[in-house]
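Notes for the one structure printed next.
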Amino acid sequence: MPNPIEQYARDLSEETREAVRKSGALTTGQRVEILQKDYEDPDALRRLAGEIKQHTIDHLDSYLEQAEASLTKAGAKVHFASDADSARQCVLGILQQSDVQRVVKSKSMATEEIHLNPFLEKQGIETVETDLGEFIIQIDEDTPSHIVRPIIHKKREEVAESFEKHGLGDYNTDPETITRRARVHLREKYMQSGAGITGGNFVSAESGRIVLVTNEGNARFSMAPNKVHIAVIGIEKIVPRDRDLAVFLNLLARSATAQQLTVYTQFIKGPRMPSQPSGPEEMHVVFLDNGRSQILGESCREILRCIRCGACQNVCPVYRHASGHAYRAVYGGPIGAVLSPLLGGKASFPEYADLPKASSLCGACREVCPVDIPIPDMLLKLRHKGKKQGVSTPGSFPMAPFATLATSPTAWRTAMTAARAMNYLPMKLAPIKPLRDWLGDRTLPKWRGGDFRRWLKTRKGNNADA
Amino acid sequence: MPDRDAIFKRVRTSLLQSSGGAPLPDYDPSALVAKPRLTGAGLWENFAQNFGAVSGRPMTELGEVVSFLKSEGVSYGYCDLALCERFETVLDEIGIEIVSTYDRERYDDYQFGITRAAGAIAETGTVILTDSSTSDRLGALTPWIHIAVLPEACLIETVGEALASFDPDETTIIWATGPSKTADIEGILIEGVHGPGEQVCLLML
């Protein structure tokens, strides 16, 4: 049996594969074009961004402390969550305290990671995703398959069907009509909610400003009419100073969607100003660990530089062939193949230990990474970790016994010779009927296991002793 | 705060495993500037070029705004009280009504919103909105058309300079680079998702 990613890729419809491949190839090309048009040496920028992020995570304790102090000073309330459960409870506590029954959410991988939506729904709090792609994912009870383009795997016909099914209008495949319908439907949700939940792309330790980028304007709309704003942010999202944001914002928009800047880039460090009639009266920041502090002490710590642009997904031949859902985890593609086995601690390894194997190590992901993460090196490190921990990745029949034999020369030799017994077994009397029937019409070739070894050993010139 | 202490403890323990830490690199902010975007005659020309390239509508005359609103067939909009005097008469003449109080119950009725911009970035074609310049966030966000009125002195050349000039008292700063947009469905670009589908920037001399 092939490994799970290979199996998923085999079962994937050609239509979906083509959609993912096309989108990945197109964005990859546009990314190169805009970077080369705008900068003399874009690679120098990527290296600089990598160095700044590496410095930040190497001093994460002091920067995190500084960010906490800056945010608190500006009037935001800062919370810390060790794991997914703690983060969910923290968000719930804030919502309950303000008696919020309905929340609007802008796209956030961190809340995806902690599976916030199903939890809040279970607690009786209506939770509405507002990014168009995420909204479609939500009504379809699907999961995003790309960091930036969550419905890269969906055709417009599927979206039209979902909209019809959920009473959002007659069947219509025109993307503009679909978008307008979502606009009308969602603005009612924004206006009737009590809180807006967002992620955070960066946090400046210096000023405490959290940076939120969206093209649709949904993060802004999630905040403007609401009393409470909650931002769930991974502890690694910090950068030292406001001025460093120039490096990251320039690279993020160009790497993710080939734009000079994402349409709405917001810098927020507290509730609305007293003179402003619309906007949150409370701002809460939930810093999420969920395995990050563990990763920081291990050999793949550079993965914490990641700014979630999706460029490595777009360029990866395996991702383009298999699509994001093949990786089974919240994060797919090259970044996911490293991050998924590491995040969430012991539960993720060995569960996702096979993901690092889904790579030809071609190095394309490293070449496009805006923070210069040596992803291929990490894939190798994780493969080695899997081997050391004795994770037999082909875990099911018939690959598991084969893997055992293939990794032990003694067992292999013995099996090859022992299987000669098959030549003398009465196959027509096989104990299982279907097998007996099948064998009844066929004559198996003679088992010659071990012959090659013997030949190789005795052939003149092949054996060192000969 | 058990989680806070536990996280800091784990972070510090993990940092002991790393090799002392990389230094914060020193860099020249001019290396971050997309110079080919700044080849025009002046700040406004560069802004207009880059803003136009992302479907923004740069305008320099009040008359341009009036004819644009007329061509869009609007009749009712929101306007910052501080700007009403400037717009009221000219819009009234063509039968367009403006109000200076944003009524949340009527969020769908405002066909356009006129508010002040705190600045603009030439390099990227970005309009800067802040809590103190925007009379009502919703007035700049919910209408299909947003008109940001920009004092000429507030034009900034680069992203780096814009970051350096952040007012520490502003809790919310928004950069809007063109109208709201998405490419979620099959990568096809659609403008006007949740925010404005038309973003105008009127230079006020």
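The values are calculated or read from the model by the stated rules, or taken from the named source; none is laboratory data. Just so we're clear, the structure is a prediction, and the values are computed from it rather than from any experiment. Don't worry about glycine lacking a Cβ; one is built from the backbone with ideal geometry, like all the others, and counts go over all protein chains shown.
Some values worked out for this structure:
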{"item": "Condition met for A:LEU212 (at the interface with chain B (Cβ under 10 Å from one of its Cβ atoms), under 21 Å from B:LEU163 (Cβ atoms), out of contact with any Asp or Glu (no Cβ under 9 Å at 6 or more places or on another chain) and buried (at least 24 other Cβ atoms within 10 Å of the Cβ))", "result": "yes"}
{"item": "Sole exception among (1) modelled with pLDDT under 95; (2) touching a Gly at 6+ places or on another chain (Cβ under 7 Å) for A:GLU113, by number", "result": "(2)"}
{"item": "Where A:GLY169 falls short, out of the listed (1) in a loop (DSSP other than H, G, I, E, B); (2) free of Cβ contacts under 8 Å to residues at least 60 places away in the same chain; (3) surrounded by 24 or more Cβ atoms within 10 Å (Cβ to Cβ)", "result": "(3)"}
{"item": "Cβ-Cβ under 9 Å pairs, at least 6 apart or on other chains, the stretch A:426-443 side outside any helix (DSSP H, G or I), far side of a type outside the set (D, E, K, R) and exposed (fewer than 12 other Cβ atoms within 10 Å of the Cβ)", "result": "A:ALA430/A:GLY440"}
{"item": "Among (1) touching a residue at least 60 places away in the same chain (Cβ under 8 Å); (2) surrounded by fewer than 19 Cβ atoms within 10 Å (Cβ to Cβ); (3) at the interface with another protein chain (Cβ under 9 Å from one of its Cβ atoms), the one test that B:LEU205 misses", "result": "(3)"}
{"item": "Single unsatisfied condition, A:LEU48 versus (1) more than 29 Å from A:HIS115 (Cβ to Cβ); (2) free of Cβ contacts under 8 Å to residues at least 12 places away in the same chain; (3) surrounded by 19 or more Cβ atoms within 10 Å (Cβ to Cβ)", "result": "(2)"}
{"item": "Among the candidates A:GLU164, A:GLU157, A:GLU134, residue that is in the same structural domain as A:HIS185 (by TED's automatic domain parsing) and in contact with a strand residue (DSSP E or B) (Cβ under 9 Å, 6 or more places away or on another chain)", "result": "A:GLU134"}
{"item": "Test: A:LYS269 is in the same structural domain as A:SER70 (by TED's automatic domain parsing) and under 25 Å from A:HIS115 (Cα atoms)", "result": "no"}
{"item": "Sole residue being free of Cβ contacts under 8 Å to residues at least 12 places away in the same chain and either more than 9 Å from chain B (Cβ to nearest Cβ) or loosely packed, with under 13 Cβ neighbours inside 10 Å (or both), chosen from A:GLN30, A:GLN36", "result": "A:GLN36"}
{"item": "Subset of the stretch A:329-365 (residues that are on the phi < 0 side of the Ramachandran plot and either among the hydroxyl-bearing types (Ser, Thr, Tyr) or free of Cβ contacts under 8 Å to residues at least 24 places away in the same chain (or both))", "result": "A:TYR331, A:GLY336, A:SER340, A:LYS346, A:ALA347, A:SER348, A:GLU351, A:TYR352, A:SER359, A:SER360"}
{"item": "Extreme residue, farthest from the chain's Cα centre (by Cα), among residues of the stretch A:336-362 that are of a type in the set (S, T, N, Q) and not in a helix (DSSP H, G or I)", "result": "A:SER360"}
{"item": "Close pairs from the stretch B:102-126: first more than 24 Å from B:SER55 (Cβ to Cβ), partner part of a helix (DSSP H, G or I), Cβ under 8 Å, at least 6 apart", "result": "B:TYR102/B:LEU138; B:TYR102/B:GLY139; B:ARG104/A:MET191; B:ARG104/B:LEU138"}
{"item": "Residue in the stretch B:171-191 that is farthest from B:MET59 (Cα to Cα), counting only those that are more than 7 Å from chain A (Cβ to nearest Cβ) and surrounded by fewer than 24 Cβ atoms within 10 Å (Cβ to Cβ)", "result": "B:ALA183"}
{"item": "Every residue from the stretch A:252-275 that is touching a Lys or Arg at 6+ places or on another chain (Cβ under 7 Å), more than 7 Å from chain B (Cβ to nearest Cβ) and either crowded, with 23+ Cβ neighbours inside 10 Å or of a type in the set (Ser, Thr, Tyr) (or both)", "result": "A:ARG254, A:SER255"}
{"item": "So A:PRO334, is it crowded, with 19+ Cβ neighbours inside 10 Å and touching a Leu at 6+ places or on another chain (Cβ under 6 Å)", "result": "no"}
{"item": "Matching residues in the stretch A:100-150 - criterion: being surrounded by fewer than 24 Cβ atoms within 10 Å (Cβ to Cβ) and of a type in the set (Phe, Trp, Tyr)", "result": "A:PHE119"}
{"item": "Some residue of the stretch A:65-85 being surrounded by fewer than 18 Cβ atoms within 10 Å (Cβ to Cβ), within 12 Å of chain B (Cβ to nearest Cβ), closer than 30 Å to A:GLN192 by Cα and within 25 Å of the chain's Cα centre (by Cα)", "result": "yes"}
{"item": "Number of positions in the stretch A:138-166 that are in a loop (DSSP other than H, G, I, E, B), among the hydrophobic types (A, V, I, L, M, F, W, C) and touching a residue at least 24 places away in the same chain (Cβ under 8 Å)", "result": "3"}
